[in-house]
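Readers should treat all values here as calculations from the given coordinates under stated rules, not as data from a laboratory. Remember, predicted model here, so these are calculated numbers, not experimental data. FYI the Cβ positions are ideal-geometry reconstructions off the backbone, even for glycines, and counts take in every protein chain you see.
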Amino acid sequence: MARSVFTGEYRHTLDDKGRLAVPARFRAQLDEGAVVSRWIDGCLAIHTMAGWEALSDKIAALPITDASSRLFGRSIFAGATDATLDRQGRLLLPSFLRDGVGLTGEAVIVGARDHAEIWEPATWAEYRRAMDDPETLAQAIQGLGI
């Protein structure tokens, strides 16, 4: 099976039922189903089933005696739901996930290598400004071996 790589940035509108169109170039990677979860930095993540299983395995391997491990696991699993694309290529985002990140009418969907992320537009714009600052980026990647 080919490895899933999510790239790009897209804007889509949530309909009144909380459905969000997934970019066409992401849809084939989600044919086997998906899991949508709360994610780091105040956004949601769309995981492939294989990616979700790999993440679940990593979380299961964390020490249960570590409070940070328990916090991360609870946050990810309590804030996750199985999702299936409908015939129009949309995912239904439950209200608890939409409300948690402030999604109302519009959303930004961004590729993040092994998953896609769903951002509230103003939150993404703020994050993007920091990410686009050359000094901030240089400082962030310092020591990563890139």
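Taking every residue in the range 125-140 that is over 16 Å from V108 (Cα atoms) and pairing it with any residue that is in a helix (DSSP H, G or I) and among the hydroxyl-bearing types (S, T, Y), at least 6 positions away or on another chain, the pairs with Cβ-Cβ distances below 9 Å are A130/T136. Contact map, the range 47-63: residues that are under 19 Å from R113 (Cα atoms) paired with residues that are in a loop (DSSP other than H, G, I, E, B) and hydroxyl-bearing (S, T, Y), Cβ distance under 9 Å, separation 6+ or inter-chain. Pairs shown: T48/S4; A50/S4; G51/S4. Among the residues of the range 84-118, which ones are over 20 Å from Q29 (Cβ atoms) and of a type outside the set (A, V, I, L, M, F, W, C)? Passing the criteria: P94, S95, R98, D99, G100, G102, T104, G105, E106.
May I ask you to verify whether G89 is under 27 Å from D16 (Cα atoms) and of a type outside the set (A, V, I, L, M, F, W, C)? Walk me through it before giving the result.
Details: under 27 Å from D16 (Cα atoms): yes; of a type outside the set (A, V, I, L, M, F, W, C): yes.
Criteria met by G89.
Only residues that are in a loop (DSSP other than H, G, I, E, B), under 18 Å from E120 (Cβ atoms) and among the small types (G, A, S): list them for the range 9-33, please. Residue satisfying the conditions is G18 alone. For P121, the stated conditions do not hold, so it cannot be described as within 23 Å of Q29 (Cβ to Cβ) and either of a type in the set (S, T, Y) or touching a residue at least 40 places away in the same chain (Cβ under 8 Å) (or both).
Selection within the range 1-60: residues that are under 29 Å from T104 (Cβ atoms) and of a type in the set (S, T, Y). The member of this set that is farthest from the chain's Cα centre (by Cα) is T13.
Does R70 count as touching a residue at least 60 places away in the same chain (Cβ under 8 Å), over 23 Å from D99 (Cβ atoms) and of a type in the set (D, E, K, R)? Taking the combined requirement at face value, the residue does not satisfy it.
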